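Everything below concerns the one structure shown next.
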Amino acid sequence: MTPKQTIESGKAILGIEFGSTRIKAVLIDEENKPIAQGSHEWENQLVDGLWTYSIEAIWYGLQDCYAELRKDVLRQYDCEIETLAAIGFSAMMHGYMAFDEEQKILVPFRTWRNTNTGKAAAELSALFNYNIPLRWSISHLYQCILDNEEHVNDIKYLTTLAGYVHWQVTGQFVLGVGDASGMIPVDPKTKTYDAEMVRKFDELVAPKGFSWKLLDILPKSLNAGENAGFLTPEGAQRLDVSGHLKAGIPVCPPEGDAGTGMVATNAVKQRTGNVSAGTSSFSMIVLEKELSKPYEMIDMVTTPDGSLVAMVHCNNCTSDLNAWVNLFKEYQQLLGVPVDMNEVFGKLYNNALNGDADCGGLISYNYISGEPVTGLEEGRPLFVRSANDKFTLSNFMRAHLYASVGVLKIGNDILFKEEKIKVDRITGHGGLFKTKGVGQRVLAAAINSPISVMETAGEGGAWGIALLAGYAVNNPQKLNLADYLEEVVFAGNTGVSIAPTAEDVAGFEKYIQNYKRCLPIEQSAVENK
């Protein structure tokens, strides 16, 4: 079928993801290819010291994003979206959205960016003997309890952003298991909230005498492909204010952005992984078994079908690197040379590969903000060299490229060197990989593993949640999610792979030892500037 026929016959599938700066909608055809899209830019607000998005901003953003998609369909195909085969909603994970019995939000949505939950996260990590990050919903809830916030007794529902939107348009209070694992840990055997941790939490807060127990207020956890409800008439109206979209469309379990990233890179099978490298970076490695012990710098989440995933999350990646590239752009403008940013990035990145494997002793700390993995609460971008280091342009750029994945390496060294984790394939996606071959080679050297990059990885999380919606309705063979992605969506396409060279691996190892040894310089910059 042509895209127009797919849309008119109601066979198209819609994925919508709420990112931290953009809400994006992607419409795909029966072959999982994007045929239309829409987006809406938005920004979080700092209100009373906490990062938030208002309920009004959430709904206006969703409606504007869908309206832009509708316009794109009208412009390209001269037709209306009346019905769809399926819909999926995804959003940035974690944070805190608490509602009362009448489904009114009790305090403004607290996003993953908030770090006011340190005491709660530390106490829960000790109680559960499991790393509980600052941004998880259970950390936010317990911090509210420690701070004696009045609203806590009135909580009837606690969910994530993706779970909230899904609930409001379907009437179903559910969550995909991957997103659920960012509220409180999930047991990979039962694919739902860890019963022992739930029991310990209820015991911990029992003296407070709240009107609820934890499982009373959490959404039901669902596996990829399970029935998560249908678009209600009210939901259809809230999504499409023009009134064309009909109710009754199946909606797949809502997921977090980490889960949709795994799907979009075909990395949900055990012994696979993906690295997202842009403004921030994170790696997701799908495990065959649990780690031997908890690590503060490794978050444990799950794939959308419930396999255990080790996540290393870094606050900083390419922002400082981009700032240096912009400096070279200014120099080019000063000379009166026309600027093509793709050419500037391409020349500088490729020249970096001519540098010494250990960057000639140069070090860069790309800390625009704090970096939990290396214990820095604040950041100061810093370039460090001694008089005897080899200060060349190629070494300079190579040091900044190494820095963009340096913290990621420190976290992943635990997995590969201490826990002896085995992986068959790691896929890279995000801005770092835009210049062909360079980011791949740097990351391959950092984690001593072949790195693949696929053309489709750039489609992002909205495409990933559209694929999950398709999995829920277009899987007659009842394949598991990993096989469905492998055989149906990607059909054997594993992308272009670059393996690390022994020289690059040894050079990066020398760089990172130097980097760790000089971290007190970064700490001093934070304290004194």
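The values are calculated or read from the model by the stated rules, or taken from the named source; none is laboratory data. All values derive from a computational prediction rather than experimental measurement. So basically every Cβ, Gly included, is an ideal-geometry build from the backbone, and we count neighbours across all protein chains shown. Quick note on the areas: whole protein, heavy atoms, side chains included, nothing else; ligands and nucleic acids left out. Shrake-Rupley method; radii C 1.70, N 1.55, O 1.52, S 1.80 Å.
Listing for the model above:
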item	result
Unmet requirement for GLY464, which otherwise passes all of (1) of a type outside the set (A, V, I, L, M, F, W, C); (2) over 30 Å from HIS40 (Cα atoms); (3) in contact (Cβ under 8 Å) with a residue 60 or more places away in the chain; (4) in a helix (DSSP H, G or I)	(2)
Within the stretch 138-159, considering residues that are in contact with a strand residue (DSSP E or B) (Cβ under 6 Å, 6 or more places away or on another chain) and within 17 Å of ALA121 (Cβ to Cβ), the one surrounded by the fewest Cβ atoms within 10 Å (Cβ to Cβ)	LEU158
Every pair of residues 6+ apart whose Cβ atoms lie under 8 Å, when the first sits in the stretch 473-488 and is free of Cβ contacts under 8 Å to residues at least 12 places away in the same chain while the second is surrounded by fewer than 16 Cβ atoms within 10 Å (Cβ to Cβ) and not in a helix (DSSP H, G or I)	GLU487/LEU479
Residue check, GLU234 part of a loop (DSSP other than H, G, I, E, B) and surrounded by fewer than 19 Cβ atoms within 10 Å (Cβ to Cβ)	no
Residue check for ALA469: open to solvent by less than 20 Å² (accessible area, probe 1.4 Å), under 23 Å from ASP299 (Cα atoms), in contact with a strand residue (DSSP E or B) (Cβ under 7 Å, 6 or more places away or on another chain) and in contact (Cβ under 8 Å) with a residue 24 or more places away in the chain	no
Qualifying residues in the stretch 1-50 (those that are among the polar types (S, T, N, Q) and in a strand (DSSP E or B)) - the one least open to solvent (accessible area, probe 1.4 Å)	SER39
Pair list, Cβ under 8 Å, 6 or more apart: the stretch 1-24 residue over 30 Å from HIS94 (Cα atoms), other residue open to solvent by less than 50 Å² (accessible area, probe 1.4 Å) and assigned to a helix (DSSP H, G or I)	PRO3/TYR77; LYS4/TYR77; ILE7/VAL73; ILE7/TYR77
Check on VAL301, part of a strand (DSSP E or B) and either farther than 15 Å from GLY428 by Cα or of a type in the set (Lys, Arg) (or both)	yes
In the stretch 88-129, the residues that are among the hydroxyl-bearing types (Ser, Thr, Tyr) and modelled with pLDDT under 95	THR111, THR115, THR117
Number of the condition not met by GLU196 [criteria: (1) surrounded by fewer than 24 Cβ atoms within 10 Å (Cβ to Cβ); (2) outside any helix (DSSP H, G or I)]	(2)
